[in-house]
Amino acid sequence: MQPVTHNTIQLKKMNVELVKNVLKAQGIGTKASIANLTKLSVATCGTILNELAAVGEVIEMESDGASGGRPAKLYKYNADFGCVVCLLVKTEGGIHSISYSIVNLVGETVKETTIELQHIDVDAIDGLIEKLVGENGNVQAIGIGIPGVVHRGVVGVCDVPDLEGKPLGPYFEEKYEVSVTIENDMNMTVYGFYHLQNFEEEKTFAVVTFPKNHFPGAGFIVDGRILSGNTKFGGEVSFLPFGITREEQLRQLHTDEGFIRLAVNTLTSIIAIINPVTIAITGELPRENQLDELYMGCIKDIPEEHMPQLFIQNDTYREYMKGMVTATLESLTYRLQVIEKR
């Protein structure tokens, strides 16, 4: 691997991100206060703030000058300088839908709704994106959650057959000339759960879903990072060796006895491999009154001291959208990619 070169351009981009992130977190700041928080020089912060103000990404505000002397200029990040568009593609219980959210640059939702469609394919998604980009000024990034495997922007095995094999990421990036994030729905759901938990330190967390009329899936956060695997196949738990055909697996999941057995096998596999602190059990099939039975089924094989907290939450829309929005906003942030640990 080639060594990372901290050249002037990279350093400037990182410094700009430091200043923007501090302003987003603090709301309002002066050159001196921002310099103190970023550990950059006042002169460097001043140059960056002036450049950002010139394009409208930062707003220069009037100071009241109540303390006497020459008042320090105040700066505020302009959350409405641009926005991101996030779409969640779903097919559940025979209903095809796309939920979308328009979010400003500090993560505040501007508009959010869900539309039902007779059919979902690339053209349906493209038509909606085109409409949203036309209605909202300065769209800077697009995020799309897909119920399937996604590798380098190309959709693989998917619950929406007409999206399989389609290079959504490259296609939309070329057409709209913005950053495009295409991600698996379970990865985004676990990412959303994780961020909403507000853990004080990096943890290992899992979400497993048992949807109606579809195969189960899972998402993993290991030590604070999404674990998706070499070809983004991680979490496809329906391919575990249950000793039955996939057709029979789907049939048994829709029976009480079969669901418990297959869910316990899935949960114990996850626990034994990644040892999470918590597993969220989601989808239409799990019921709250099954939680004790699932727990007791797991401790037949897993020593109780290694058991995670289990909880059932059927509706995960909030978590899914939170994960997608977070990942899409992160795609706008310049980060020097340095691998510190595996």
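Excluding same-chain neighbours fewer than eight residues apart, the lysines reachable from Lys131 by a Cα-Cα span under 20 Å are Lys90, Lys111, Lys175. A Förster radius of 25 Å combined with the Cβ-Cβ distance from Ile28 to Asn7 puts the calculated FRET efficiency at roughly 0.20.
Of all the options Leu37, Leu310, Leu294, the one that moves most in a Gaussian network model of the chain with Cα springs shorter than 10 angstrom is Leu37. Per-residue ellipticity at 222 nm from helix content only, as computed over the chain with -39500 (n - 2.57) for each DSSP H run of at least four residues, stands at -11500 deg cm²/dmol. Per the Debye formula on identical point scatterers at the alpha carbon atoms of the range 224-342, with no solvent, log10 I(q)/I(0) at q = 0.10 Å⁻¹ is -0.40.
Summing charges over neighbours of Glu116, with a neighbour being any other residue whose Cβ is under 14 Å away from its Cβ, gives 0 when K and R count +1 and D and E count -1. Across the chain, the longest piece that holds none of the chymotrypsin sites (Phe, Trp or Tyr not before Pro) lying in DSSP loops with up to 15 other C-beta atoms within 10 Å covers 1-198.
Can you tally the net charge around Lys131? Count Lys and Arg as +1, Asp and Glu as -1, for every other residue whose Cβ sits under 14 Å from the Cβ of Lys131. That sum, taken over residues with Cβ under 14 Å, equals -2. Value of Rg to Rh for the chain, rounded to two decimals, is 1.03; Kirkwood radius and Rg both from alpha-carbon coordinates. When the solvent-accessible area of the chain is split by element, carbon and sulfur atoms take up 50 percent of it, the probe being 1.4 Å.
Here is the list for the range 148-203: GluC sites (Glu not before Pro) lying in DSSP coil, each with at most 16 other C-beta atoms within 10 angstrom of its C-beta, are Glu164, Glu177, Glu200, Glu201, Glu202.
The values are calculated or read from the model by the stated rules, or taken from the named source; none is laboratory data. The structure displayed is predicted, hence computed values, not measured ones. With ideal geometry, Cβ positions are generated from the backbone for all residues, glycine too; neighbour counts draw on all protein chains shown. Surface accessibility is based on the protein's heavy atoms, side chains included, excluding ligands, DNA and RNA. Shrake-Rupley method; radii C 1.70, N 1.55, O 1.52, S 1.80 Å.
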